[in-house]
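A short reminder: the numbers here are calculations on the coordinates, not readings from a lab. All values reported here derive from a predicted model rather than from experimental measurement. Every residue, glycine among them, receives a Cβ derived from its backbone with ideal geometry; neighbour counts consider all protein chains shown.
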Amino acid sequence: MSNTKAKVGFYGAVDAVTGSNFLFEAQGKRIMIDCGLYQGDLFADDRNREDFAVDPASIDVLLVTHAHIDHIGRIPKFVRDGFHGVIYSTPPTHELTEIMLLDTTRILQHEAVQTGREPIYTERDVRDTMALWKTHEYYAPFAIGDGVQCEFKDAGHILGSTMMFLTVSGTTMVFTGDLGNSPSPLLRDTDSIKGATYLLMESVYGDRNHENRDERKEILRKTILDSIAKGGVLMIPAFSIERTQELLFELNDMVEHHNIPDVKIFLDSPMAIKATEVYRRSDKYFNQETQHIIKSGDDIFKFPRLYMTESKEESMKIWETKGPKIIMAGSGMANGGRIVHHIKHYASDPNNVILLVGYQAAGTPGRRLSEGQSVIRLNGDDVHVRATIAQLHGYSGHKDMDHLVEFAAEAKDTLKKVFVAIGEPKSSMFLAQRLRDYVGLNAVVPTPNTEEELEF
């Protein structure tokens with residue numbers, strides 16, 4: 001350990017899951033890690049309109065862990081407000097981010113019309129943002145100025161997701177972003193952090209565990225069978241990136257092995273369709289098992305009776321399709337996208353099912369559904385919910401409690417301090433306590449909008 005000083009700042013996703021925004025400062029360089037949207041009842045929470053706690057013009061570099069909106073969704077505002085440095089990510093994150101942000105401008109415009117306020121950014125701001133972007137592959141260290149080295153390692157969360165390894169004077173701090181629920185149907189397992197001195201880690205599921213891979217697949221199959229038996233509609237609010245592709249992979253396997261009856265399956269999300277094409281082109285990032293399946297000639301994202309409905313006209317015709325059917329559409333928290341229209345149309349029928357397959361942030365319609373509320377508000381209308389609400393946590397893209405502890409414990413011999421963030425207070429505090437009690441780590445939950453000095 002040298003006498004070099006560094007700082008870490010906690011400006012978003014502290015005492016919350018969404019709005020990820022962290023600062024690392026060393027050797028005269030100010031580095032921001034992620035700049036995400038806060039999400040609530042509206043797609044974009046009012047907090048997103050506030051000025052940044054840190055002057056965007058003072059930041060030299062922005063590192064992006066992955067392309068989920070709660071990690072990238074405020075970057076165009078960051079650029080609009082004065083950031084003119086370099087943005088770095090992996091190539092898939094760069095490609096997926098552009099798709100996500102352009103789609104987000106449309107949602108923001110819609111919300112702006114509803115609320116009578118200007119959107120927080122426009123398509124032009126997105127174009128300005130993408131012009132600042134550069135990419136690096138995993139395991140290819142690069143310098144940020146003199147004295148700070150950055151390396152991307154695989155987080156296993158979504159395609160292109162990375163942990164940021166920032167090394168100064170031989171000492172390393174790791175920012176995890178979101179950590180994948182390994183083993184994933186598609187992606188490689190999360191890399192190790194052995195040798196790290198400081199760690200800022202997520203805690204979305206820091207106080208509970210998931211079903212395992214076999215259990216989650218069987219629950220999905222049984223949910224489909226129950227829905228078909230009732231002649232109902234199975235609605236799956238699914239995040240356009242990763243969750244949709246994982247579900248397509250699992251459904252492809254079930255259809256090919258005749259584990260479910262013939263049923264029409266609609267992927268009703270232009271963004272998810274575009275993202276799936278990125279996945280098709282990026283199979284080198286998949287795990288070996290999936291790469292082997294692809295090399296054998298199997299199109300893992302295409303199977304009989306799968307319909308990709310890109311246009312509004314195709315989407316509206318779904319309602320004309322009789323009999324049992326499955327509809328997958330964004331957003332994953334039911335706070336925007338086409339799934340909102342389907343829930344409004346079908347939620348009143350007790351023969352129908354809404355299957356929640358990912359984390360539901362506080363204040364979102366998805367969270368209200370998960371809590372069993374019989375009336376929820378969607379697009380300004382009260383919707384009476386009589387459909388069955390099912391939940392499947394095993395398809396979460398996040399590590400659960402036991403695997404988060406196991407992940408941090410790998411570096412227990414070198415870790416000097418662990419900052420537990422990117423989680424609701426209950427989850428973060430529970431995980432921090434568990435790391436202290438079971439692993440012996442100096443684990444703390446940081447205070448929002450504070451900075452801490454570190455010795456490097």
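Which of C35, C150 comes first, and how do the rest follow, when ranked by fewest Cβ neighbours within 10 Å?
If I rank by nearby Cβ atoms, fewest first, I get C150, C35.
Once you keep just the Cα pairs under 8 angstrom separated by 6 or more residues, what percentage relative contact order results for the chain?
21 percent
Would you mind classifying the chain by shape? Square roots of the alpha carbon gyration tensor eigenvalues, ordered a ≥ b ≥ c; an a/c under 1.5 is rounded, otherwise it is prolate if a/b is larger than b/c and oblate if not.
Prolate.
Among the GluC sites (Glu not before Pro) in region 234-322, which ones are in a DSSP loop with at most 16 other Cβ atoms within 10 Å of the Cβ? Mind listing them?
Listed in order of number, the matching sites are E310.
Report the local net charge at Y285: Lys and Arg +1, Asp and Glu -1, summed over other residues whose C-beta lies under 9 Å from its C-beta.
That sum, taken over residues with Cβ under 9 Å, equals 0.
When a footprinting reagent is the concern and you count Cβ atoms within 10 Å, what order do I144, I260 take, fewest first?
Starting with the residue having the fewest Cβ neighbours, the order is I260, I144.
Mind checking the angle between helix 243-256 and the chain's longest principal axis? C-alpha axes, 0 to 90 degrees, to the nearest 10.
Rounded to the nearest ten degrees, it is 40.
Let me spell out the model: positive unit charges on the Cβ of Lys and Arg, negative unit charges on the Cβ of Asp and Glu, origin at the Cα centre of region 213-395. What dipole size does that give, in debye rounded to 20?
Value, rounded to 20: 280 debye.
May I ask what percent, to the nearest 5, of DSSP beta bridges between residues of region 213-395 are antiparallel?
So the antiparallel bridges in region 213-395 amount to around 20 percent.
Which peptide among 298-307, 231-240 comes first, and what is the full order, when sorted by highest mean count of other Cβ atoms within 10 Å?
Answer by packing, highest mean first, reads 231-240, 298-307.
What ranking do Y438, Y11 get, fewest neighbouring Cβ atoms within 10 angstrom at the top?
Least to most surrounded, the residues fall as Y438, Y11.
Suppose R0 equals 51 Å. What FRET efficiency, 1/(1 + (r/R0)^6) with r the Cβ-Cβ distance, do R127 and H258 give to the nearest 0.05?
0.60
Below 8 Å between Cα atoms, with a sequence gap of 6+, how large is the relative contact order for region 213-395 in percent?
Relative contact order here is 31 percent.
Report the charge-dipole magnitude of region 1-132 in Debye, nearest 20, computed about the Cα centre from +1 at each Lys and Arg Cβ and -1 at each Asp and Glu Cβ.
380 debye
If packing is taken as the mean number of other Cβ atoms within 10 Å per residue, what is the order of 326-339, 17-30, 375-388, highest first?
Ranked by mean Cβ neighbours within 10 Å, highest first: 326-339, 17-30, 375-388.
Suppose the Debye formula is applied to equal point scatterers at every Cα of region 27-140; what is log10 I(q)/I(0) at q = 0.10, 0.19, 0.21, 0.23 Å⁻¹?
-0.27, -0.97, -1.17, -1.37
When the Kirkwood radius is taken over all Cα pairs of region 213-395, what Stokes-Einstein diffusion coefficient follows at 37 °C and 0.692 mPa s, in µm²/s?
197 µm²/s
Give me the net charge of L356's neighbourhood, meaning all other residues with Cβ under 14 Å from the Cβ of L356; Lys, Arg count +1, Asp, Glu -1.
So the environment of L356 carries a net charge of +2.
Using 0.36 nm times the number of residues separating T4 and K322, minus their current alpha carbon distance, what extension gain do you get?
107.7 nm
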